[in-house]
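Below: the structure, in structure tokens.
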Amino acid sequence: MTIHHPNFGAVPDDRVFIFDTTLRDGEQSPGFSMNLDEKLRMAEALAELGVDVIEAGFPIASQGDFESVRRIAETIKGPVIAGLARSGRDDIVRAGEAVKPAERKRIHTFISTSPLHMKYKLRMEPDAVLEAVVRSVTLARDYTDDVEWSAEDGSRTEPDFLCRCVEAAIRSGATTINIPDTVGYAVPEDIARIFTMLRERVPGADAVIFSTHNHNDLGLAVANTIAAIKAGARQIECTINGIGERAGNAALEEIVMAIRTRHDAVPYRNNIDTPRILRTSKLLATITGFDVQPNKAIVGRNAFAHESGIHQDGVLKNAATYEIMTPESVGWQKTSLVLGKHSGRAAFRDKLRALGYGEVGDNALNDAFRRFKDLADRKKLVYDEDIAALFDETVLRDQSRIRFVALEVWAGSKAKPRARLELEVDGEMKVHESHGDGPVDATFNAIRAICPHEAELKLFTVGAVTEGTDAQAKCGVRLEENGKSVDGQGSDTDTIVAAARAYVHALNKLIVKRERKEPAALTA
Ligand code: KIV
Ligand code: ZN
């Protein structure tokens, strides 16, 4: 039977819908919070990438979350915009209001169904959970015809009870049924069994889209997602770079490229414009300050690098010897351009494209180009890594409330280290001079004097972007306040300036995080 979905119409059997939850499940993981502008920028990139659904946030969580879902619903055209809600009335009303302006909208409501979660987390009897399923889906349908219902901890739910809950959700009007492996415990056979069972046993199952949502605690999220598709799931929930609670969610880029590269084994279609994958991944890394590991599939720096002589020889003779997909198919571009102080704006723009940043707006380009010229004056060879670090830094500074302006330090083995720091705070210039045990300490003291806060410095790291004594330094700062931690990054040829930038970046993230209260029952 053909499924008729309120937002997608008649659904061909080989179509898999991509539900991206980078801005919800991804964003709620430690250190990954984004402000409104960053979320909007990410949502635009996701729409351009071709995702079918953007889960824009959890509107009840805070005023900030509500506003970002609402702004995304107002401005982003194309994908369905979803807001998450627990089963209570307030959650659903808030989600309904947040997604209201969207051209195509969805409410995604969930409740735990496993014995463990019902007993210890919800303290509810199964019958009460079943009633909550009916109530929540029925109420959500007052706001939109497109309602997704999720069985939190679904993979550890008792099969008969799962069937009863799914049946109740379908009868109440849910159009998508999502079965999360919330704690990343399942193996592919478990996932296949669950979807096969639901499709065979639940009345009305042939009229809804089944969805899979897998966490990566055992490194099985992508494998479980593929198993679910093969067992009939037609929506996959995933995030860019696999970010998400604990070990993360299934990575969008890995699933999409598995489907494309192994179409013989996974013969399904989706709408992702794969050459945009790399730039979307880079944008997220830039915004959050977390690079993917070098060996990360598809988007890691080494994903298409061949180090061993035997492999290099093979690739030169025929790339297919060691490459199962082309680097270009996910957005990597070949470049032979080496930039130096005589390079112009066009070459610089080209280099940014080749590094996966896509089309860069004029303001960001001008700002980054100015910094590049400055760097090229101080450093003979400007490597790709330098440009990536410099551009990330430019984007990071762009929308922040606190902005680094200038720093002078006096240090050495004789005088007491001193730092004179200039910051722009909410558009106002502030200057402070501080002493400290060392130049970094003096600088951090100056930041604390200009922007007083209680957060503790938990981690300070220094590394080099490239080799050589003229290399840029890349510093990391972790701040912790009331059990919440944030990580900031900064780079510069001057190590102390890089440290100051990293501290300021962390502080900006802390401001975003402070506005958010943690909702009690949201565990994944
Ligand atoms: O992992 C999970 O169970 C979730 C639900 C809220 C869908 O993220
Ligand atoms: Zn989740």
* Structure fact -> Apart from one, (1) over 27 Å from Gly248 (Cβ atoms); (2) under 30 Å from the mean Cα position of the chain (by Cα); (3) in a helix (DSSP H, G or I) all hold for Asp145; the odd one out is (3)
* Structure fact -> Scanning the range 148-181 residue by residue, those outside any helix (DSSP H, G or I) and among the hydroxyl-bearing types (Ser, Thr, Tyr) turn out to be Ser150, Thr157, Thr175, Thr176
* Asked: Considering only strands (runs of 3 or more DSSP E) fully contained in the range 1-87, which possess at least 1 residues that are open to solvent by 30 Å² or more (accessible area, probe 1.4 Å)?
  -> 3-5, 9-11
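Regarding Phe369, is this residue farther than 27 Å from Phe304 by Cα and not in a loop (DSSP other than H, G, I, E, B)? Steps first, answer last, please.
On the way: farther than 27 Å from Phe304 by Cα: yes; not in a loop (DSSP other than H, G, I, E, B): yes.
So Phe369 passes the test.
Okay, residues lined up against (1) of a type outside the set (A, V, I, L, M, F, W, C); (2) at pLDDT below 95; (3) within 16 Å of ligand 1 (Cβ to nearest atom):
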{"site": "Leu218", "(1), (2), (3)": "no, no, yes"}
{"site": "His263", "(1), (2), (3)": "yes, no, no"}
{"site": "Ala285", "(1), (2), (3)": "no, yes, no"}
{"site": "Lys296", "(1), (2), (3)": "yes, no, no"}
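Evaluate the range 300-314: report whether one residue or more is within 27 Å of the chain's Cα centre (by Cα), part of a helix (DSSP H, G or I) and surrounded by 18 or more Cβ atoms within 10 Å (Cβ to Cβ).
To start, the set of residues in the range 300-314 that are within 27 Å of the chain's Cα centre (by Cα) comprises 300-305.
Still in the running and part of a helix (DSSP H, G or I): none.
So far as the range 300-314 goes, no, none of its residues is within 27 Å of the chain's Cα centre (by Cα), part of a helix (DSSP H, G or I) and surrounded by 18 or more Cβ atoms within 10 Å (Cβ to Cβ).
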* Taking Glu393, is it in contact with a helix residue (DSSP H, G or I) (Cβ under 9 Å, 6 or more places away or on another chain) and not in a loop (DSSP other than H, G, I, E, B)? -> yes
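One line per residue, one yes/no per condition, for (1) touching a strand residue (DSSP E or B) at 6+ places or on another chain (Cβ under 7 Å); (2) under 30 Å from Thr138 (Cβ atoms); (3) modelled with pLDDT under 95:
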position: Pro188; (1), (2), (3): no, no, no
position: Met197; (1), (2), (3): no, yes, no
position: Asn214; (1), (2), (3): yes, yes, no
position: Ala227; (1), (2), (3): no, no, no
position: Ala231; (1), (2), (3): no, yes, no
* Structure fact -> Taking the range 111-136 and keeping residues open to solvent by less than 60 Å² (accessible area, probe 1.4 Å) and among the acidic types (Asp, Glu) leaves none
* Structure fact -> In the range 7-34, anything in contact with a Ser or Thr (Cβ under 6 Å, 6 or more places away or on another chain) and farther than 13 Å from Ile243 by Cα is listed as Ala10
* **Odd one out for Asp377 among (1) open to solvent by 70 Å² or more (accessible area, probe 1.4 Å); (2) modelled with pLDDT of 85 or more; (3) more than 24 Å from Ala471 (Cα to Cα)** => (3)
* Would you list the helices (runs of 4 or more DSSP H) that sit entirely within the range 182-297 and hold 2 or more residues that are among the basic types (Lys, Arg), more than 16 Å from ligand 2 (Cβ to nearest atom) and touching a residue at least 60 places away in the same chain (Cβ under 8 Å)? => 277-288
* **Residue count, the range 100-142 (criterion: within 16 Å of ligand 1 (Cβ to nearest atom), within 27 Å of the chain's Cα centre (by Cα) and among the aliphatic types (A, V, I, L, M))** => 3
* To do: Provide a single number: the residues in the range 220-239 that are open to solvent by 10 Å² or more (accessible area, probe 1.4 Å) and either within 12 Å of ligand 1 (Cβ to nearest atom) or under 24 Å from the mean Cα position of the chain (by Cα) (or both).
  => 6
* Go through the residues of the range 451-463 one by one and say whether even a single one is part of a strand (DSSP E or B), surrounded by 14 or more Cβ atoms within 10 Å (Cβ to Cβ), in contact with a Leu (Cβ under 8 Å, 6 or more places away or on another chain) and small (Gly, Ala, Ser). => no
* Structure fact -> Those residues of the range 407-445 which are in a loop (DSSP other than H, G, I, E, B) and buried (at least 16 other Cβ atoms within 10 Å of the Cβ) amount to Ala411, Pro417, Gly436
* **Any hit, the range 502-511, residues being in contact with a Lys or Arg (Cβ under 9 Å, 6 or more places away or on another chain), in a strand (DSSP E or B), touching a residue at least 12 places away in the same chain (Cβ under 8 Å) and within 30 Å of Arg301 (Cα to Cα)** => no
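The values are calculated or read from the model by the stated rules, or taken from the named source; none is laboratory data. Not measured: the values here are computed from a predicted model. Cβ coordinates were reconstructed from backbone atoms using ideal geometry, including for glycine residues, and neighbour counts include every protein chain displayed. The accessibility values were calculated without ligands, DNA or RNA, using every heavy atom of the protein model including side chains. Shrake-Rupley method; radii C 1.70, N 1.55, O 1.52, S 1.80 Å.
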